[in-house]
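S.K.: Can you read through this structure? Questions will come right after.
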Amino acid sequence: ASYPERKPVLGYYDEGNPEVNDWETKYMAEHGIDFQIFCWFKPEGSGENPIKTPTSSYALDGLKKSKYADKMKYTFIMENKNAHMNTMEDFKNNVVPYWIEHYFKDPNFYTIDGKPVVTIHELTYFIRQIGGQVDDAGYARAAEAIAYLKSECVKAGLGGCIVMTNMGGGTQFDLTKADEVGIDAVYAYGYGENGADPQWIQSVTQSYIDKGVDYIGLASQGFDNYPWSGNRGISTTYEDFEKECLWLRDKFTKSIANGKYGQNIVMLDNWNELGEGHYLAPTAGTGFNYLDIIKKVFSKSQQPCDDIAPTEAQQDRIHNIYD
């Protein structure tokens, strides 16, 4: 209530509610967004045992149960800061088979050339989660884990697996290690306050390309977490956000060599990080402006969207307050 401009058009909703996911699917699909990436957390308390319920991935569970789930592809980030995983054996014996059966075989899961696409959040965290340190031996452990994941996907008839990693927030991994670890592409989760500057984004994106990685460009809203920190950050103006998107479409993706994932994919930062202040979801303060820019720049269809909000009765169904 103290930050009314951040209130979503959907109201303060329960992200695990399937009806919420239907609204969000509508907004994304109508504005030209092809797939969404959720955070996935290994359930707390599962220990070294097989995973029985995805109780730590509420939004993703809500999507899978939603009526219009087939209108939007999805994948996920393995969120390693809170992954509740401590060994290589746990990853191999419990996480990998669960991913394959519960997600990768879902026809709505995001694939490229038939292969499921998954993201590991910051490789350095992943190395620690499988019992290693961030050194040569740790990178070798990561390579072993990723190779195992890909081989199990082949055995499951999926043709393999495309593994990406993202950067941002914590210790950054050595980009020159990406190929030997088995990382297929790299992108940024966010750029912080620098993400409000289109020129800075162009410069840092080029620096990643110069390191020889298959880098996927990102359009950012900057970073302004004043509801949490009390300190004002920097948000991207609509004009600068459009400049970012146009540069990615007209310059960056066209500069990428054939066969690189960065040629055909643009990432967007972020859907609903309302507290951190980088979000595309329509709110009282931003309306549908960011989504309208995405549609204008990237969508093949320029048919106008109705950009409606739930009725009061509909909002009552999707609102929940928790301690």
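S.K.: Counting only heavy atoms of the protein chains, get the accessible area per residue of the range 115-183 (1.4 Å probe) and round it to a whole Å² value.
M.R.: 37
S.K.: Right, something else. Check each of the trypsin sites (Lys or Arg not before Pro) in the range 186-248 and keep only those in coil by DSSP with at most 16 other C-beta atoms within 10 angstrom; list them in order.
M.R.: Lys211, Arg232
S.K.: Given a 1.4 Å probe, how much area per residue of the range 222-264 is accessible, in Å²?
M.R.: That works out to 60 Å² for each residue.
S.K.: Okay, next question. Report the Cα centroid-to-centroid distance between the range 43-93 and the range 143-204 in angstrom, as an integer.
M.R.: 19
S.K.: Using a 1.4 Å probe over the heavy atoms of the protein chains, calculate the carbon and sulfur portion of the accessible area of the range 167-250 as a whole percent.
M.R.: 46
S.K.: Show me, bin by bin at 10 Å from 0, the whole-percent P(r) of the range 1-84 based on Cα pairs.
M.R.: Spelled out per bin, shortest first, that is 17, 40, 32, 11, 1.
S.K.: Please calculate the 1.4 Å probe accessible area of His84, with all protein chains present, and give it to the nearest 10 Å².
M.R.: 80
S.K.: Separate question: Read phi for every residue in the range 88-93 and hand back ³J(HN,Hα) as whole Hz from Karplus 6.51 cos²θ - 1.76 cosθ + 1.60, θ = phi - 60°, with x for Gly and Pro.
M.R.: Result, ordered by residue: 4, 4, 4, 4, 5, 7 Hz.
S.K.: Right, here's the next one. Looking at the range 1-80, which GluC sites (Glu not before Pro) are DSSP coil and have at most 14 other C-beta atoms within 10 Å of their C-beta?
M.R.: In loop regions of the range 1-80 (DSSP not H, G, I, E or B), the sparsely surrounded GluC sites (Glu not before Pro) are Glu44, Glu48.
S.K.: Using modelled amide H (1.01 Å from N, peptide plane; none on Pro or chain starts), what sits under 5 Å from the amide H of Gly217, excluding residues fewer than 5 places away?
M.R.: For Gly217, whose amide H was placed from the backbone, the distant partners under 5 Å are Met267.
S.K.: Tally Lys/Arg at +1 and Asp/Glu at -1 over every other residue whose Cβ is under 10 Å from the Cβ of Glu79; what's the total?
M.R.: Around Glu79, the charge tally is +1.
S.K.: Separate question: How about the chain: what cysteines have no other cysteine beta carbon under 4.7 Å from their own?
M.R.: Cys with no partner Cβ under 4.7 Å: Cys39, Cys245, Cys305.
S.K.: Pull up all non-local amide H partners of Val9: gap of 5 or more, or a different chain, and H-to-H distance under 5 Å with H placed in the peptide plane.
M.R.: Thr283, Ala284
S.K.: For Phe38, what residues show an amide H to amide H distance below 5 Å, using hydrogens built from the backbone and excluding near sequence neighbours?
M.R.: Thr75, Phe76, Ile77
S.K.: For Cα pairs less than 8 Å apart in space and 6+ apart in sequence, what is the mean separation divided by the residue count of the range 54-145, i.e. the relative contact order in percent?
M.R.: Relative contact order of the range 54-145: 34 percent.
S.K.: Residues with beta-carbon under 12 Å from that of Ala284, excluding Ala284: net charge, scoring Lys, Arg +1 and Asp, Glu -1?
M.R.: Within the 12 Å Cβ shell, the charges total +1.
S.K.: Pick from Ala137, Ala178, Ala145: which is most flexible by mean-square fluctuation in a GNM of the chain where alpha carbon atoms under 10 Å apart are linked?
M.R.: Result: Ala137 has the largest fluctuation of those listed.
S.K.: Then there is this: Under the definition of Cα pairs under 8 Å and six or more residues apart, what whole-number percent is the relative contact order of the range 132-290?
M.R.: 18
S.K.: Which entries of Lys42/Lys155; Lys243/Lys295; Lys105/Lys260; Lys115/Lys150; Lys26/Lys295 have Cα-Cα distances beyond 18 Å here?
M.R.: Result: Lys42/Lys155; Lys105/Lys260 exceed 18 Å.
S.K.: Please sort by residue number the trypsin sites (Lys or Arg not before Pro) in the range 75-180 whose DSSP state is loop and whose Cβ has at most 16 other Cβ atoms within 10 Å.
M.R.: Loop-located and lightly packed - Lys105.
S.K.: Which label belongs to the value computed from this structure, given these candidates for semi-axes √(5λ) of the Cα gyration tensor in Å: (i) 52, 21, 18; (ii) 43, 27, 21; (iii) 30, 25, 20?
M.R.: (iii)
The values are calculated or read from the model by the stated rules, or taken from the named source; none is laboratory data. The shown structure was predicted, so the numbers you read here are calculated from the model rather than taken from an experiment. Cβ atoms come from the backbone with ideal geometry, glycine included; neighbour counts cover every protein chain shown. Ligands, DNA and RNA are stripped out before the accessible areas are found, and what is left, the full protein with its side chains, is counted by its heavy atoms. Shrake-Rupley method; radii C 1.70, N 1.55, O 1.52, S 1.80 Å.
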